[in-house]
């Protein structure tokens with residue numbers, strides 16, 4: 001398996017409305033083919049290919065440990081993960097075309 005390098009990472013509390021606004025803006029950038037992310041003085045520009053892979057995963061994790069579960073105080077933490085993947089330099093397979 002190849003080496004993984006984190007180019008940018010962010011985790012911050014936001015309201016549902018703020019998250020929706022960010023995702024709408026991100027969707028517009030993806031549709032345009034270029035996503036620019038800024039964090040402080042760092043900037044990451046991603047030129048996206050026309051075909052991507054979308055992965056959506058919903059996870060559930062019980063929080064609180066054994067004692068909390070025994071006392072009925074455990075809580076569920078749920079997560080929605082949205083991941084967009086592509087391989088740099090990989091060309092999508094072109095369908096047959098008439099010239």
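The values are calculated or read from the model by the stated rules, or taken from the named source; none is laboratory data. Bear in mind the structure is a predicted one, so any value in this text is a computation, not a measurement. Counting neighbours? That spans all protein chains shown, and the Cβs are built from the backbone with ideal geometry, glycine included.
Taking residue 67 as the residue in question, decide whether it is under 25 Å from the mean Cα position of the chain (by Cα), modelled with pLDDT under 95 and over 23 Å from residue 34 (Cβ atoms). Step through it out loud before you land on a result.
Details: under 25 Å from the mean Cα position of the chain (by Cα): no; modelled with pLDDT under 95: yes; over 23 Å from residue 34 (Cβ atoms): yes.
Here the answer is no, as residue 67 does not meet what is asked.
Taking the condition surrounded by 10 or more Cβ atoms within 10 Å (Cβ to Cβ) and not in a helix (DSSP H, G or I), does residue 43 pass?
Values: surrounded by 10 or more Cβ atoms within 10 Å (Cβ to Cβ): yes; not in a helix (DSSP H, G or I): yes.
So residue 43 passes the test.
So if I check each of 90, 62, 83, which one is closer than 27 Å to residue 29 by Cα and in a strand (DSSP E or B)?
Values: 90 fails: in a strand (DSSP E or B); 62 fails: closer than 27 Å to residue 29 by Cα.
The conditions single out 83.
For the stretch 1-22, name all the residues that are over 23 Å from residue 87 (Cβ atoms) and without any contact (Cβ under 8 Å) to a residue 12 or more places away in the chain. Spell out the reasoning first.
First, the residues of the stretch 1-22 that are over 23 Å from residue 87 (Cβ atoms): 10-22.
Hits for the stretch 1-22 are 11, 12, 13, 14, 15, 16, 17, 18, 19, 20, 21, 22.
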